[in-house]
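Reviewing the structure listed below.
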Amino acid sequence: MTREHVFAHWLVRQVHGGRLVPSASTRGEVNVAPLRIARVVTSVCADCNAGWMSSLEVAFRRVLFARERSGPIPAADRVILARWFTKTAVLLTDAQGASLEIDRARLVAGMPDGVEVLLARRRRPPQRLDFALDAGRSGTRSVAILVDDLVAHVASPSVLGSRYGTRFFPLRTHALRWETLPVIATAALRTD
């Protein structure tokens, strides 16, 4: 097992997130210093960390930051984004001592069944890297992740419904365009 930063160093540098803390933690206890997003770590197996997770990080970086986000989002890019957001949601819940009901073995090679990823754009986010966990009585219900101006919500379809954005995964048959993603302007990441 190795310690893995949930948000890779390249991403933290890309969005200038070295000193950021989760916005949800700023509403919590006053006397407790929140953990910086760049320092959120969890344990993963060394083979996964150096193998499929590393490859997924490279692909995610290419899709999100190597070119302009306009026009249709190809199906292959949608799978990369959905897998990255799902992997990150799993790692975030692990780092918080919780769990998200996802078939992790299927995530190694593709997207597991029973997971829905909704995507939206965030108008003028107060910070470009953020996350929030929606914890219920039986565990974590959903995870919201903000990267740059994209907000993804990851959970089972019964939890999310359609209130957080466009269903990004499972893939639909019609083309989805960057420009047609819904824009949200809420004050914080919503997980309720």
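The values are calculated or read from the model by the stated rules, or taken from the named source; none is laboratory data. As the structure is a prediction and not an experimental result, all values here were calculated from the model. Here the Cβ is made from the backbone with ideal geometry for all residues, glycine too, and neighbour counts use every protein chain on show.
All but one of (1) modelled with pLDDT under 90; (2) of a type outside the set (Gly, Ala, Ser); (3) under 23 Å from TRP178 (Cα atoms); (4) in a helix (DSSP H, G or I) hold for ASN49; state the number of the condition that does not hold.
(3)
Restricting to the stretch 59-95, and then to whatever is in a helix (DSSP H, G or I) and among the polar types (S, T, N, Q), can you tell me which residue is farthest from ALA175 (Cα to Cα)?
Residues of the stretch 59-95 that are in a helix (DSSP H, G or I), as a first pass: 59-65, 75-95.
Subset that is among the polar types (S, T, N, Q): 86, 88, 93.
Numbers: THR86: 21, THR88: 25, THR93: 31 Å.
Top of the filtered list is THR93.
Okay, residues lined up against (1) surrounded by fewer than 16 Cβ atoms within 10 Å (Cβ to Cβ); (2) without any contact (Cβ under 8 Å) to a residue 24 or more places away in the chain:
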site: PRO34; (1), (2): yes, yes
site: VAL41; (1), (2): no, no
site: CYS45; (1), (2): yes, no
site: PRO74; (1), (2): yes, yes
site: THR86; (1), (2): no, no
site: ALA89; (1), (2): no, no
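If I go through the stretch 170-183 residue by residue, how many of them are at pLDDT below 85 and under 19 Å from the mean Cα position of the chain (by Cα)?
Filtering the stretch 170-183 for residues at pLDDT below 85 gives 170-175.
Pick out the ones that are also under 19 Å from the mean Cα position of the chain (by Cα) and you get 170-171.
Adding up the residues that qualify gives 2.
Go through (1) more than 21 Å from PRO170 (Cα to Cα); (2) within 15 Å of the chain's Cα centre (by Cα); (3) assigned to a loop (DSSP other than H, G, I, E, B) and name the single condition VAL21 misses.
(2)
Name the residues in the stretch 96-122 that are in contact with a helix residue (DSSP H, G or I) (Cβ under 9 Å, 6 or more places away or on another chain) and assigned to a helix (DSSP H, G or I), would you?
ARG104, LEU107
May I ask you to verify whether GLU116 is modelled with pLDDT of 85 or more, surrounded by 13 or more Cβ atoms within 10 Å (Cβ to Cβ) and over 21 Å from PHE7 (Cβ atoms)?
For GLU116, the condition - modelled with pLDDT of 85 or more, surrounded by 13 or more Cβ atoms within 10 Å (Cβ to Cβ) and over 21 Å from PHE7 (Cβ atoms) - is met.
Please give the number of the condition ALA135 fails out of (1) in a strand (DSSP E or B); (2) buried (at least 19 other Cβ atoms within 10 Å of the Cβ).
Condition (2) is where ALA135 drops out.
Given (1) more than 13 Å from LEU133 (Cα to Cα); (2) modelled with pLDDT under 90; (3) under 14 Å from the mean Cα position of the chain (by Cα), where does ALA82 come up short, assuming only one miss?
So ALA82 meets the others, but not (2).
Taking GLN127 as meeting all but one of (1) part of a loop (DSSP other than H, G, I, E, B); (2) surrounded by fewer than 19 Cβ atoms within 10 Å (Cβ to Cβ); (3) at pLDDT below 90, write down the number of the exception.
Against the list (1) part of a loop (DSSP other than H, G, I, E, B); (2) surrounded by fewer than 19 Cβ atoms within 10 Å (Cβ to Cβ); (3) at pLDDT below 90, GLN127 comes up short only on (3).
May I ask you to verify whether ASP103 is more than 19 Å from THR166 (Cα to Cα), in contact (Cβ under 8 Å) with a residue 24 or more places away in the chain and touching a Pro at 6+ places or on another chain (Cβ under 7 Å)? Write out each step before concluding.
Values: more than 19 Å from THR166 (Cα to Cα): yes; in contact (Cβ under 8 Å) with a residue 24 or more places away in the chain: no; touching a Pro at 6+ places or on another chain (Cβ under 7 Å): yes.
When the stated conditions are applied, ASP103 does not pass them.
Rundown of residues vs (1) touching a helix residue (DSSP H, G or I) at 6+ places or on another chain (Cβ under 6 Å); (2) loosely packed, with under 12 Cβ neighbours inside 10 Å; (3) at pLDDT 90 or above, yes/no style:
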| site | (1), (2), (3) |
| --- | --- |
| GLU4 | yes, no, no |
| VAL15 | no, no, yes |
| ALA24 | no, no, no |
| ARG27 | no, yes, no |
| VAL30 | no, yes, no |
| PHE60 | yes, no, yes |
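Could you list, ordered by first residue, the pairs with Cβ atoms under 7 Å in which the first is in the stretch 174-189 and among the charged types (D, E, K, R) and the second is in a loop (DSSP other than H, G, I, E, B) and at pLDDT 75 or above, at least 6 apart or interchain?
Listed by first residue and then by second, the contacts come to ARG177/GLY71; GLU179/SER70.
Return a yes/no flag: does the stretch 143-152 have any residue that is at pLDDT below 95 and either among the hydroxyl-bearing types (Ser, Thr, Tyr) or more than 14 Å from the chain's Cα centre (by Cα) (or both).
Checked against the condition, which is being at pLDDT below 95 and either among the hydroxyl-bearing types (Ser, Thr, Tyr) or more than 14 Å from the chain's Cα centre (by Cα) (or both), the stretch 143-152 yields no hits at all.
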